[in-house]
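Working notes, structure below.
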Amino acid sequence: MDREIEATLEALLDERRTFEPPEAFAESAFLNDPAVYSEAERDPDAWWASQAERLDWFQRWDQVLEWKPPHHEWFLGGKLNASHNCLDRHLARDGDRVAYHWIGEPGEKRTITYRALHEEVCRLANALKDMGIRKGDRVAIYLPMIPELPAAMLACARIGAPHSVVFGGFSAESLRDRINDAEAKVLITADGGYRRGDVVPLKANADEAVGQTPSIETVIVVRRTNENVPMQEGRDVDYADLVEQASPECQAEALDSEDMLYILYTSGTTGKPKGILHTTGGYLTGVSATHHLVFDVRPETDVYWCAADIGWVTGHSYIVYGPLANGCTSILYEGAPDFPDKDRWWSIIEEYGVSILYTAPTAIRTFMKWGPQYADKHDLSSLRLLGSVGEPINPEAWIWYQQFIGGGKTPVVDTWWQTETGAIAITPLPGITTLKPGSATKPFPGVFADVLDEQGHPVGRGGGGYLVLKRPIPSMFRTIYKDDARYRETYFGRYGDHIYFPGDGAKLDDDGYFWLLGRVDDVMNIAGHRISTYEVESALVDHPDVAEAAVVGRRHPQEGEAIAAFVTPKATRIGDEELAQELRAHVAKVIGKIARPHSIVFTEDLPKTRSGKIMRRLLRDVAEGRQLGDVTTLQNAPILDEIRSKANSLQGDEA
């Protein structure tokens with residue numbers, strides 16, 4: 001356990017505030033009896049089966065779980081379809097219910113009912129089939145936050161074609177790599193999207209990527225900005241023309257519970273991004289159950305807003321599959337929280353009567369920085385529940401969120417989960433749990449979590465160590481796409497095939513509450529997004545004037561973590577502000593703007609062991625301004641003094 005985690009553990013000991021569930025909330029909550037925990041622990045298969053029964057199955061399963069560590073399969077023999085569960089089964093009674101209130105950043109608004117979304121999905125599914133897309137074929141999706149994005153996902157799910165959604169902020173290179181790994185046949189993109197008033201050139205990025213993706217046969221282009229973009233004859237087709245000509249009726253394929261639903265790429269500590277593979281029955285069970293019970297959702301009356309991007313797993317699970325499976329009305333907002341002004345979110349909440357808000361600590365800390373006056377301008381009394389996701393939330397942000405956004409009365413559910421778990425795994429239940437600001441509290445019923453030391457022994461209450469899951473849950477990924485050896489090594493290499501290690505540190509307090517401490521490896525959490533140090537370092541070294549680079553995350557008051565880069569230029573180039581700006585632009589091109597280093601320190605060398613390993617632990621100490629750890633293993637210890645003197649003036653580029 002490194003000193004940073006130990007210091008965080010000590011700081012957490014000072015947090016003593018608690019908040020009981022509001023009496024009225026607890027009385028009406030779906031879960032308000034703590035016995036649910038012991039019941040799920042006593043027979044987890046029966047618990048998860050009861051949640052699976054909330055779905056519509058074409059054929060019921062024969063076996064709940066087959067666990068051959070490190071692999072697991074759920075609801076074996078069962079057949080269902082995610083698109084059917086999200087749309088068709090609601091039509092008879094609730095077809096006219098709003099699925100999404102969509103708000104474009106420039107101000108356009110659309111209201112999409114379940115019936116209208118169903119028709120759009122069926123038309124697109126038929127168009128994909130007409131192109132020759134069949135069950136098992138992969139489809140890449142590179143779209144802004146517009147209704148066509150969930151429609152595209154559900155159209156793929158309807159015909160059994162796994163989708164691979166690529167975040168619209170990623171570069172052409174990132175898109176290319178993900179398409180090539182998945183060997184996608186079709187790319188669905190747009191002419192552009194809006195971000196803080198600017199047009200994001202999605203089609204230009206897509207054209208650059210597709211020039212190096214031999215598997216792509218067709219590019220479907222949604223007209224969002226009406227920019228004049230080139231359309232390649234024989235390859236590019238207009239989305240609106242395509243769906244208009246297709247039939248509005250498309251039977252949902254009966255898929256096996258273990259058929260692949262989607263691949264979502266996430267950063268790894270080394271090497272290329274990992275294709276996280278999720279299947280159908282278990283994933284849909286997990287996201288629908290957690291969305292229903294963690295947020296205590298009432299589809300008839302609630303307006304729910306998960307303010308993430310669908311390009312990340314939070315959006316997959318809690319904007320698309322969870323809410324739609326539960327027949328919920330959601331907000332879908334395209335743009336930035338400060339466009340045209342810093343009260344954009346609060347005006348949306350007031351206008352639509354949003355009752356549940358789920359967002360990231362990064363956003364909350366940014367709102368804190370701007371001040372409560374922007375929220376005070378609006379009536380937020382419709383909010384009855386707040387949620388937090390993406391990284392551990394510090395107690396001060398938790399309190400601010402509850403006080404200024406929740407009016408001091410709403411429960412705040414701080415949730416821990418990952419791309420790999422697919423659904424929320426550690427969380428309060430708002431009708432049961434006594435809340436502690438900064439703690440994700442307890443595992444969701446049916447989740448078996450613990451904190452272990454280096455040797456694999458439980459640390460017990462009051463101890464800190466490594467978070468693990470001791471039993472699979474239905475929504476967990478099945479493997480890394482085309483790389484099962486990496487799956488085994490990355491997630492089961494520390495404690496063996498029975499123990500899943502997600503890579504996070506944690507503490508158990510005296511009440512058995514979990515306090516998450518963030519990553520213990522070299523994946524940074526930048527504005528709630530996981531960015532690999534390896535990817536940023538690779539992008540920096542890809543610049544012709546860079547000889548070597550090391551990247552670490554350092555604490556940042558708004559972003560959670562910021563990227564600090566230590567770069568050794570080649571002898572032919574001086575490390576100055578001009579080069580720093582070039583490098584930021586280069587990283588933005590190779591990976592995306594979100595991965596630009598916040599600060600760059602130029603140095604003649606990097607701290608290395610005698611075997612040549614770069615000591616990022618010491619660079620983190622430098623970036624954080626801490627006393628340096630053990631330097632006895634370094635072959636070039638004096639270089640740290642030079643780096644530290646330069647790092648004292650870190651200013652960075654926040655643009």
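The values are calculated or read from the model by the stated rules, or taken from the named source; none is laboratory data. Keep in mind it's a predicted model, so treat the numbers as computed, not measured. Methodologically, a virtual Cβ is constructed for each residue, glycine included, from the backbone with ideal geometry; neighbour enumeration extends over all protein chains shown.
Screening segment 146-174 for residues that are touching a Phe, Trp or Tyr at 6+ places or on another chain (Cβ under 7 Å) and modelled with pLDDT under 95 and picking the one that is surrounded by the most Cβ atoms within 10 Å (Cβ to Cβ) gives GLY168. Of the residues making up segment 118-145, those that are surrounded by fewer than 23 Cβ atoms within 10 Å (Cβ to Cβ) and either part of a helix (DSSP H, G or I) or in contact with a Gly (Cβ under 9 Å, 6 or more places away or on another chain) (or both) are GLU119, GLU120, ARG123, ASN126, LYS129, ASP130, ARG134, LYS135, GLY136, ASP137. So SER247 fits all but one of (1) modelled with pLDDT of 95 or more; (2) of a type in the set (Ser, Thr, Tyr); (3) crowded, with 20+ Cβ neighbours inside 10 Å; what number is the exception? Against the list (1) modelled with pLDDT of 95 or more; (2) of a type in the set (Ser, Thr, Tyr); (3) crowded, with 20+ Cβ neighbours inside 10 Å, SER247 comes up short only on (3). Of the helices (runs of 4 or more DSSP H) lying entirely inside segment 11-115, not one carries at least 2 residues that are outside the structural domain of GLY327 (by TED's automatic domain parsing), surrounded by 18 or more Cβ atoms within 10 Å (Cβ to Cβ) and in contact (Cβ under 8 Å) with a residue 40 or more places away in the chain. Restricting VAL541, VAL520, VAL551, VAL546 to residues that are within 19 Å of LEU618 (Cα to Cα) and out of contact with any Gly (no Cβ under 9 Å at 6 or more places or on another chain) narrows the list to VAL551.
Residue count for segment 333-369, restricted to those that are in contact (Cβ under 8 Å) with a residue 60 or more places away in the chain, closer than 25 Å to LEU87 by Cβ and out of contact with any His (no Cβ under 7 Å at 6 or more places or on another chain): 5.
What tally of residues in segment 535-591 results from selecting those that are small (Gly, Ala, Ser), in a strand (DSSP E or B) and at pLDDT 85 or above?
Here is the first cut: in segment 535-591, the ones small (Gly, Ala, Ser) are 538-539, 547, 549-550, 553, 560, 562, 564-565, 571, 575, 580, 585, 588.
Next, from what is left, pick out any that are in a strand (DSSP E or B): 547, 549-550, 553, 560, 562, 564-565.
From the residues that got through so far, the ones that are at pLDDT 85 or above too are 549-550, 553, 562, 564-565.
The qualifying residues number 6.
Pairing residues of segment 137-160 that are closer than 11 Å to ILE310 by Cβ with residues that are among the polar types (S, T, N, Q), at Cβ distances under 6 Å and at least 6 apart in sequence or on separate chains, gives no pairs at all. Based on what the data block shows, is TRP400 over 24 Å from GLU27 (Cβ atoms), crowded, with 23+ Cβ neighbours inside 10 Å and not acidic (Asp, Glu)? In short, no. Is there a residue being at pLDDT below 95, small (Gly, Ala, Ser), over 22 Å from GLY282 (Cβ atoms) and surrounded by 14 or more Cβ atoms within 10 Å (Cβ to Cβ) anywhere in segment 465-479? Yes; the residues of segment 465-479 include at least one that is at pLDDT below 95, small (Gly, Ala, Ser), over 22 Å from GLY282 (Cβ atoms) and surrounded by 14 or more Cβ atoms within 10 Å (Cβ to Cβ).
Taken together, the residues in segment 352-372 that are at pLDDT 95 or above, part of a helix (DSSP H, G or I) and over 23 Å from GLU148 (Cα atoms) amount to 0.
Can you pull out the residues in segment 398-414 that are out of contact with any strand residue (DSSP E or B) (no Cβ under 8 Å at 6 or more places or on another chain), of a type outside the set (Phe, Trp, Tyr) and part of a helix (DSSP H, G or I)? Reasoning before the result, please.
The initial filter retains those residues of segment 398-414 that are out of contact with any strand residue (DSSP E or B) (no Cβ under 8 Å at 6 or more places or on another chain), namely 399-400, 403-404, 407-409.
Subset that is of a type outside the set (Phe, Trp, Tyr): 399, 403, 407-409.
Result: ILE399, GLN403.
Residues to consider are GLY406, GLY422, GLY390; find the one that is modelled with pLDDT under 95 and either over 20 Å from the mean Cα position of the chain (by Cα) or under 20 Å from THR290 (Cα atoms) (or both). Steps first, please.
On the way: GLY406 fails: modelled with pLDDT under 95; GLY422 fails: modelled with pLDDT under 95.
Of the residues listed, the single one that is modelled with pLDDT under 95 and either over 20 Å from the mean Cα position of the chain (by Cα) or under 20 Å from THR290 (Cα atoms) (or both) is GLY390.
In this structure, ALA375 does not satisfy being in the same structural domain as THR18 (by TED's automatic domain parsing), within 22 Å of the chain's Cα centre (by Cα) and either part of a loop (DSSP other than H, G, I, E, B) or not basic (Lys, Arg) (or both).
As a summary of the residue check, LYS272 satisfies the conditions (1) in contact with a helix residue (DSSP H, G or I) (Cβ under 6 Å, 6 or more places away or on another chain); (2) modelled with pLDDT under 95 except for the one numbered (1).
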